[in-house]
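Novice: Before we start, here is the structure in question, set down as structure tokens.
Please treat every number below as a calculation from the coordinates, not as lab data. Just so it is clear, the structure is predicted and the values come from calculations on it, not from any experiment. No Cβ is skipped: glycine too gets one built from the backbone with ideal geometry, and neighbour counts run over all protein chains shown.
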């Protein structure tokens, strides 16, 4: 019995190459999520170098939130694509890239504020 059932109990088994490509995409999303979480951890660890202190909280919150969101969206998108392949439906679009883009832009803007605002 394969899990999640809502994915594997429908339709026909797709070409393994497509399933494995979908899994590699999920792993890429998880690597991105992990990198954002590590960035948040680094900001907290180096908090003494950043002023004002509220920037540490803002940077860490954006990094942690973006990382967690990217992980969840990557998994949801993996399920949606796998299910669509099994049912012979068009592949669904996702919003994960927009979330990661927004997170990176927010981190860049807050980081620039920390860099130039502390002087």
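Novice: So, in Å, what gap is there between the alpha-carbon centers of segment 4-62 and segment 69-119?
Specialist: Centre-to-centre (Cα) distance: 8 Å.
Novice: As a check on your grasp of the helix formula, calculate [θ] at 222 nm for the chain: sum -39500 (n - 2.57) over DSSP H runs of n ≥ 4, divide by the residue count, round to the nearest 500.
Specialist: Rounded to the nearest 500, the figure is -27000 deg cm²/dmol.
Novice: Answer with a single label: of [x] 1.11; [y] 1.16; [z] 0.97, which was calculated as Rg/Rh (Cα atoms, Kirkwood Rh) from the structure in view?
Specialist: Among [x] 1.11; [y] 1.16; [z] 0.97, the one calculated here is [y].
Novice: Could you sort 58-71, 21-34, 76-89 so that the peptide with the highest average Cβ count within 10 Å comes first and the rest follow in order?
Specialist: Details: 58-71: 20.4, 21-34: 15.6, 76-89: 17.1.
Descending mean neighbour count gives 58-71, 76-89, 21-34.
Novice: Here's another thing I want to ask about it. Taking R0 as 30 Å, what's the FRET efficiency between residue 44 and residue 87 from their Cβ-Cβ distance, rounded to 0.05?
Specialist: Working: r = 44 Å, r/R0 = 1.46.
The pair residue 44/residue 87 has a calculated efficiency of 0.10.
Novice: Can you tell me the 0 to 90 degree angle between the C-alpha axis of helix 16-45 and the longest principal axis of the chain, rounded to 10?
Specialist: The answer is roughly 20 degrees.
Novice: Specify the angular offset, from 0 to 90 degrees and rounded to the nearest 10, of the alpha carbon long axis of helix 53-87 from the longest principal axis of the alpha carbons in the chain.
Specialist: Tilt of helix 53-87: around 10 degrees.
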